[in-house]
1. Taking a ≥ b ≥ c as the square roots of the Cα gyration tensor eigenvalues, with a/c under 1.5 meaning rounded and otherwise prolate when a/b beats b/c, else oblate, which class fits chain B?
2. When the solvent-accessible surface of protein heavy atoms is calculated with a 1.4 angstrom probe, in what order do B:Arg329, B:Arg181, B:Arg135 fall, highest first?
3. Taking all protein chains together and a probe of 1.4 Å, list C:Ile110, B:Ile311, A:Ile238, C:Ile274 from the most accessible to the least accessible.
4. For chain C, take the longest principal axis of its alpha carbons; what is the angle in degrees between that and the long axis of helix C:90-126, to the nearest 10 within 0 to 90?
5. What whole number of Å gives the distance from the Cα centroid of the stretch C:168-192 to the Cα centroid of the stretch B:155-199?
6. Would you kindly find the accessible area of B:Leu136, with a 1.4 Å probe and non-protein molecules such as ligands, DNA and RNA excluded, rounding to the nearest 10 Å²?
7. What's the center-to-center distance, using Cα atoms, between the stretch B:220-265 and the stretch A:35-72 in Å?
8. Tell me whether the protein assembly as shown comes out rounded, prolate or oblate; compute the Cα gyration tensor, take square roots of the eigenvalues as a ≥ b ≥ c, and use a/c under 1.5 as the rounded threshold.
Amino acid sequence: MTSISPEAPLLEVEGLRVSFATQRGLVEAVRGVSFAMGREKLGIVGESGSGKSTIGRALMRLVPSPGVVTGQKLKVGGKDVLSANERDLQGLRGGKIAMIMQDPKFSLNPVMRIGTQIEEAIRMHRRVTRKAARAHAMEALLAVRISNPERVYHCFPHELSGGMGQRAMIAMMLSTQPDVLIADEPTSALDVTVQAQVLAILDDLVSRRGMGLIMISHDLELVASFCDRVLVMYAGRIVETLEASALSRAVHPYTRGLIACLPRLSEASSRLQTMQRDPAWSQV
Amino acid sequence: MRLLRPILAFLASIILTLLGLLAVTFVIGRVIPIDPVLAVVGDRASPQTYAAARAAMGFDLPLYQQFLIYLKNVLSGNFGQSTLTGRPVLEDIKAFFPATIELSSVAIVVGVGLGVPLGVLAGVRSGRWPDHLVRLFGLVGYSAPVFWLGLVGLLIFYAKLDWVGGPGRLDIYYDGLIEPRTGLLLLDSLLAGDTEVFWNAVSHIVLPASILAWYSMAYLSRMTRSFVMAEMKQEYVMTARIKGMSECRVIWRHVMGNVAVPLVTVVALSYGGLLEGSILTETVFAWPGLGRYITESLFNADMNAVLGGTIVVGVCYILLNLLSDLVYRLLDPRAHAA
Amino acid sequence: MNNARSWLLADQPASPLQARMGRFYTSWLALSANPLALIGLAIVVLLLLSALLAPWIAPRDAVYVQNLDGRLQPPSLLHWFGTDELGRDLFARVVHGSRITLMIVALVAIIVGPLGLIIGMVAGYVGGWTDRILMRLTDIFLAFPRLVLALAFVAALRPGIESAILAIAITSWPPYARLARAETLMIRRSDFIAAAIAQGASAPRIIRRYVMPLCMPSVVIRLTLDMAGIILTAAGLGFLGLGAQPPSPEWGAMVAAGRGYVLDQWWVSTIPGIAILLVSLGFNLLGDGLRDALDPRQS
C-alpha cells in the first residue's frame, strides 16, 4: 500500500517543543518536531521516554503543568492551536481532534455510566436533546461492534472487560466525529486475543470515515503493519520518517537497531540483540 | 442477596465493637478510686451495713457476672442514677443531647459549605497562593485550641462588639418560653412560630457553631484538597479534557463525582469529631449539652453519668461510621460488586 | 558550595552515604521551597530553644512566687506579658510552660510509637486470629472519641499530668497500629522476607531486624503530624482541670485560670492560648510541609 499524499493537511506541525521546568533545570521532552499529515494512518514509534506520548498531548495543548508547548506552527484542520484561547481549544478537543488512551480501566470515569460519558461528549459539541444524544450514543456503541449497546450503555466501567472498555472509549471519542484521532498505545493494556479485534475496529472506522489516525506505540511491527507512514522518535526528535512498507530500507542506525532487536523465529539465535546507542543521535 | 453477606459481617463487627466499648467503660467504672458503695452508705456506716449494701449493689459477684448485669442494664437503657441530678442518667442524656446535636449540626453544615469549596480551590491551584491561603486559614483553625477561641470570641464579639448572644442557648428572659418538642431550639421556636426566640437562639449559636465549624472546615478543606489532587492526576480527567470540557466542568462533574465517595466518610468522621469538640466548646459557652454534662459529672465524681455519656457518644461515633459506610456503598458503583 | 551541590544532586551517587545525603538534600530543597513549612520549622525551633534555655530566659522563681500586690497587671516593660491573678509573671510562666508542653509531646510519642508499632507489626506479621483480635481491639479504641475516652481515663486514674499523658497515649495508639500493620502486610510479601525465612530466621527476629526498620519512617512522619493534636488534647485536659494541676505553668490550665478575668484582664487567658496556638500551628505547618516534601507521589 502506498501512502495517500496529504491534500489539505489535517495536521501541520513545525518545530514543536515541549519543555518541563523541574528542580534540576529545564527538561525538553520534545525538541523541535515537524511533520504534516492528511487522511492517513501515521505511526509514531519510539522507546519510553522518547517523547512520543507527549507529542500526542501537545497536539491538543493538554500537556500537564509545568509543561510548556511552543513551536513555529501547530494547526489542526487549518486552525491554529498555539494561539487559540481556552474556548477555541475546547471546541477543537473532541470536535476536531480526539484521543484514546492506553487503559480503559483508568481512562474512563469509574463512577459514571458508559452511556452518560458518551452522551456528555456528544452534547459538548452538538446542541442536541438528551434523547437525540442517547440515540447517537447507541449508534456509536453499535459502530464499535458492541452487539448489546443497551446493556453496555448502563454499565459502569468496572463492569466491562478491557476490550469492551476500549471499544466504549473509541465509541466515545468518535461520537463527536473528529478529523484526527490519536491512539496512544491503544492495545498494550489489553489481552493479546482482543488486541487484533480492537485494532480492526479502529482501522475500519478510521478508513470508512476518512479520518486521520496517529498511532503512538513502542511496537514497531504493529505500527508498520497497521499504518501507512511511520515516524521514528529518539530523545524528543524525529530521527527518521519511513513508508511503512519500506521499513527494511531504514537508514538511521537507531531504526535499524530497533528492527534488529526484534526476535525472529526463522533465525535461530541464542542471544537477543540489544541496542548499542550512539550519543550523537540525540544531538541536534 | 449478594449484599446480604457483607452486611451481616458488618453488623457482626459493629456488635463486637459495641461490646468492646461497654467492656472498656465497665473496666473504667471498676478501677476508679471512688468507692461507689461508700458513696451510698456514707463513711460512718457499720461493716454490716456496708456489706449488705455491697451485696445489694452486686459488687460481691464475680467480675464477669457483674459485667453481664452491667450489659443487661445498659442494653435496656438503664445507665443508673446520676448522683448529681438525682435522675436516671438516661433521662438526663435525653434532656442534654439535643443541644449538642443542634450545635454540631449547624457547625457541620457551615463546615462542609465552606470547607469543600475551599478545598477544591486549594487542590486545583495547589502550590499557588490560593492554596497557601486556604491551607494557612485551615491550619490556624486546626491548631487553635477551641476552648481558647471560645473565650477570645466571647471577649471580642459578645463583650466588646455585642454582635452575638453570650453564653447559653438563649437570653435568660427567653428561657422556658418554648415548649421543647424536638429539643432543637432553632426548630422548636420555628414550630411554635416565635421568631423572636428563634433569632435570639441564632445569635447564641452563631459563635460556638462558627468556632466548631472552623475546626471542621480546616479538616474538610485539607482532606478535600488531597482527594482533589489525587483525582486530578487520574487518566479519566484527561479523557474529560480531551472531550473538550471546560476545566470547571471537568472538576465539578468528573473530579467531584469521584471525590464525593471518600469525602462522605470524612464528613461523617468530622461530625463525630464535632461531638467531641463540643465538650470543650460547651464548657466555655455554658452550653447545656452532653459534653458539659459529662465534664460536670466528672468533677462531681458522678461516674454513672460520665460512663453513660461516654457510651452514648461512642455509640453515635459507631453509628456515624456505619452510616458513612452505607452511603459509600451507595455512591461508589465499584462497591456493589465487591 | 557549587561542588557540594552537584555532589548532593548527582544522578548516580557513588556511595550509599552520598545517595542518602542526596535524598535528604532534595527533601530539604522541597521543604525550604515551602514558606509555610519554614515558618513551622522556625516555631518548633523556637519552642525547643525556649524549653532548653528557660532558666536563663526567665528566672524559675518568677514562675511560682506570688505577688498579690502586683496581680493582674497589664503587659509592660517589666512584665512583658503582664501578671496573672496571683501576681506571677506571665512571660516566665509561658516560657517555662514550654518545657511541660515539650515533655508531654515527647512522652506521648515515646509511649505511642513503640506501642502502635508492636501491635501493628505483630498483627500484620502473624496474621490469623492474632490479627483479628488485635485489630478488633484497635477498632474499639478508634470507635471512641479521643477526648471523651481520655476524660474517662483521667477520671478513673486521678487528675494530674501523668494521668493526662497516659490517657492521651492510650487513646492515640490505634492509628499507628493500623499504619504499621498495613506496612507490615506489604513488607511481608517481599522476597527478602522469604529469603530470611528460608535461612531459618525466627518471627521475632524478622520483625525486629527486617520489618521494623521499614515501618519506622511512616510512623515517625505520622507522629510529627500528630504532635499538634497531642498538644491540643493535653491543653484541653489542662483547661478542664484534669491535666497538669496548679501551680504548674501548663498553658491550658493557665487559660482556665484566667477565664474569670477575661473581660477586663484579657491577657491572662489570651497569652497562654496564643502560645498553644503558635506551637500547634508550628507542628502542623512543619508536618504538612514534611509530608509534601517526602511524599513521592508529589513529584
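1. On the way: a/c = 2.45, a/b = 1.49, b/c = 1.64.
Oblate.
2. Numbers: B:Arg329 70, B:Arg181 145, B:Arg135 30 Å².
Of B:Arg329, B:Arg181, B:Arg135, the descending order of accessible area is B:Arg181, B:Arg329, B:Arg135.
3. On the way: C:Ile110 110, B:Ile311 5, A:Ile238 40, C:Ile274 70 Å².
Accessible-area ranking of C:Ile110, B:Ile311, A:Ile238, C:Ile274, largest first: C:Ile110, C:Ile274, A:Ile238, B:Ile311.
4. The answer is roughly 20 degrees.
5. A separation of 48 Å, based on Cα centres.
6. 70 Å²
7. Cα centroid of the stretch B:220-265 versus Cα centroid of the stretch A:35-72: 25 Å apart.
8. Numbers: a/c = 2.07, a/b = 1.91, b/c = 1.08.
Since a/c reaches 1.5 and a/b is larger than b/c, the shape of the protein assembly as shown is classed as prolate.
The values are calculated or read from the model by the stated rules, or taken from the named source; none is laboratory data. In this text, all values refer to a predicted model and were calculated from it rather than measured experimentally. All Cβ positions, even for glycine, are placed from backbone atoms using ideal geometry, and neighbour counts span all protein chains on display. The protein model used for the area step is the full one, side chains on, heavy atoms only, and it has no ligands, DNA or RNA in it. Shrake-Rupley method; radii C 1.70, N 1.55, O 1.52, S 1.80 Å.
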